[in-house]
Amino acid sequence: MSGAAEPVLVADIGGTTARFALARAAAPAALDLDLDSIGEYPVARFASLAEAAAHYLAERRARASHAVFAVAGRVADGRAHITNHPWVIEHSHTAAQLGLERLELINDFVAQAMSIALLRGDDVVAVGPAGWQPAPAAVPRNYCVIGPGTGLGVAGLVVRDGRYHPLATEGGHASFAPTTSEQVRLLDVLAAQFGRVSNERLVCGPGLVNVYRALGTLAGHDPGPLQPAQVSERAAAGEALAVRALAVFMEVFGAVAGDAVLVQGAWDGVFLTGGLVPRLLGPLQRSAFRRCFENKGRFSAALSTVPSLAIVHPCPGLLGAAAHALHPAPRPTGATA
């Protein structure tokens with residue numbers, strides 16, 4: 001970490017929005033995310049991440065020599081390509097443009113996973129009966145983080161011997177596995193459109209639209225192009241097709257989250273995050289999410305004890321980037337430059 005008087009620049013870069021903030025030293029081994037410093041911009045407004053970051057620093061009249069940028073894409077060999085946006089980020093070039101002595105590029109869901117290190121009990125809301133309390137780093141823990149936004153992110157966090165080991169994955173692109181006859185028919189419709197159908201084709205903002213339109217196709221009509229918010233609004237207004245689309249979305253989300261626990265061995269909890277979770281928290285808690293999460297045959301009893309927790313902290317990606325600055329070693333697998 002850079003000098004105590006100078007903040008660390010942190011960023012959470014998605015396919016739609018770029019968020020920046022400053023994290024300031026609170027004590028020799030502590031770093032606080034300054035919520036008042038948060039700036040949010042459409043990524044389409046800027047030609048590059050460096051341009052957006054320079055704009056943010058100029059607006060805040062701030063300087064930083066250390067930055068942690070969490071980006072929605074795979075980071076490898078000092079290079080990151082945003083999955084749902086044209087930005088390509090080169091580590092050395094970006095650091096030079098911003099005059100940084102130290103730049104760390106991490107996957108955005110590595111940051112979401114690292115946020116668990118700084119989350120408090122009131123930063124999460126239980127979805128289902130199992131609760132959660134933060135544990136000290138000395139207590140071994142296996143966690144999973146999954147969240148729908150512009151895409152579907154999945155990551156893990158292993159806590160051992162006082163150290164945090166985030167795991168970057170592309171689990172959102174695992175193949176969709178239908179669990180009901182209705183979902184089998186949906187898969188047929190979506191496969192005709194996309195070929196291979198991943199979980200992200202259903203569980204994200206555009207995925208909600210895909211589900212809505214596929215259900216319309218099965219009912220004999222195409223509702224046409226829509227935005228995710230329009231589907232949510234129609235569901236809130238009681239439109240039957242939109243109500244069913246939201247219900248199917250939650251069912252698949254629950255099943256995928258349960259699968260992630262099984263794959264990662266995340267028996268200590270799965271954290272639900274991403275842009276859609278806070279907006280749909282009420283429908284999520286009333287939905288079949290938890291039933292589908294636990295519906296794992298011979299492992300249903302084991303899943304019933306695993307907490308599923310909606311993150312309600314306003315900026316967990318930024319919080320996780322700050323946590324990564326505070327706990328930079330060991331480096332997350334396949335994630336940093």
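Tabulated results
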item	result
Value of Rg/Rh across the chain [Cα atoms, Kirkwood radius]	0.98
Positive-pole candidate from H81, L152, V68, dipole of the chain, charges at beta carbon	L152
Rounded percent of accessible protein surface that carbon and sulfur make up, segment 98-181, 1.4 Å probe	52 percent
Around I82: net Lys/Arg minus Asp/Glu count, Cβ-Cβ under 15 Å	-2
Relative contact order (%) - the chain, alpha-carbon pairs under 8 angstrom, separation at least six	23 percent
Distant-in-sequence amide H partners of L31 (H built 1.01 Å from N, under 5 Å)	A26
Net +/- balance of residues flanking W132 in space, Cβ distance below 15 Å, scoring K and R +1, D and E -1	0
Protein accessible area in segment 270-330, 1.4 Å probe - carbon and sulfur %	56 percent
Antiparallel content of DSSP bridges confined to the chain, in %, to 5	70 percent
Cα-based helix-to-principal-axis angle, 181-194 vs the chain, degrees rounded to 10	60 degrees
Nonlocal amide H pairs with V124, under 5 Å, H built at 1.01 Å	V312
Helix-derived mean residue ellipticity, 222 nm - over the chain, DSSP H n ≥ 4, -39500 (n - 2.57), to 500	-10500 deg cm²/dmol
Segment 39-99 shape via C-alpha gyration tensor axes, a/c threshold 1.5	oblate
Alpha carbon centroid spacing (whole Å) that separates segment 179-215 from segment 10-24	30 Å
Between helix 316-326 and the chain: long-axis angle, C-alpha atoms, 0 to 90°, nearest 10	40 degrees
Counted charge near E170, where neighbours are those whose Cβ lies closer than 13 Å (Asp, Glu -1; Lys, Arg +1)	-1
For segment 40-187, share of DSSP beta bridges that run antiparallel, in % to the nearest 5	75 percent
Prolate/oblate/rounded call for segment 225-337, Cα gyration tensor, a/c under 1.5 rounded	oblate
For segment 123-131, Karplus couplings with θ = phi - 60° (6.51, -1.76, 1.60), whole Hz, Gly/Pro x	8, 10, 10, 5, 10, x, x, 7, x
Distance from segment 153-175 to segment 77-111 (C-alpha centre basis), Å	19 Å
Nearest-ten-degree value, helix 240-264 long axis tilted from longest Cα axis of the chain	60 degrees
Fully extended contour minus Cα-Cα distance, from A219 to A62, at 0.36 nm per residue	51.0 nm
Protein accessible area in segment 22-81, 1.4 Å probe - carbon and sulfur %	47 percent
Accessible surface, per residue, of the chain when the full set of protein chains is kept, probe 1.4 Å, Å²	42 Å²
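The values are calculated or read from the model by the stated rules, or taken from the named source; none is laboratory data. Note that the structure is a prediction, hence the values are computed from the model and not measured. Every residue, glycine as well, gets a Cβ built from its backbone with ideal geometry; the counts of neighbours run over all protein chains shown. Just the protein is used for accessible areas: all its heavy atoms, side chains included, with ligands, DNA and RNA removed. Shrake-Rupley method; radii C 1.70, N 1.55, O 1.52, S 1.80 Å.
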